[in-house]
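The values are calculated or read from the model by the stated rules, or taken from the named source; none is laboratory data. Computed from a prediction, not measured in an experiment: that's the story for all the values here. Positions of Cβ are backbone-derived with ideal geometry, glycine not excepted, and every protein chain shown enters the neighbour counts. Ligands, DNA and RNA are stripped out before the accessible areas are found, and what is left, the full protein with its side chains, is counted by its heavy atoms. Shrake-Rupley method; radii C 1.70, N 1.55, O 1.52, S 1.80 Å.
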Amino acid sequence: MSRKTSKTAERGGRHGSRNPALTPGRIAVLVLAVLALIFVFQNTRATKIRLLIPEVTVPLWTALLAMGIIGALCGAYFAYSRTRRR
């Protein structure tokens, strides 16, 4: 082997033998998503929701799921806009 060969090339690439799909951050997000879904689907009774003027009655899980999706979209937007600025 020549001196120019790096140790990362000897280990089999940039990530080595680790699976880059299962990082601790991704596992934590997956666990939180599963817990959020369990919470949402355990709260199934109907509830009244008022958004400015209209009042609607929907299952609580629908409202919780909608708020979770809106929160995820907001988080993704801010994460994307932060990486775009750099």
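Are any residues in the stretch 24-79 among the hydroxyl-bearing types (Ser, Thr, Tyr) and either modelled with pLDDT of 90 or more or touching a Phe, Trp or Tyr at 6+ places or on another chain (Cβ under 9 Å) (or both), and if so, which ones? Hits for the stretch 24-79 are 44, 47, 57, 77. Counting the residues of the stretch 21-55 that are free of Cβ contacts under 8 Å to residues at least 12 places away in the same chain, open to solvent by less than 70 Å² (accessible area, probe 1.4 Å) and not in a helix (DSSP H, G or I) gives 2.
Anything in the stretch 56-71 that is without any contact (Cβ under 8 Å) to a residue 12 or more places away in the chain and open to solvent by less than 60 Å² (accessible area, probe 1.4 Å)? List them, or say none. 62, 66, 71 - these are the residues of the stretch 56-71 that are without any contact (Cβ under 8 Å) to a residue 12 or more places away in the chain and open to solvent by less than 60 Å² (accessible area, probe 1.4 Å). For residue 11, the conditions (1) open to solvent by 90 Å² or more (accessible area, probe 1.4 Å); (2) at pLDDT below 85; (3) within 25 Å of the chain's Cα centre (by Cα) are fulfilled apart from (3).
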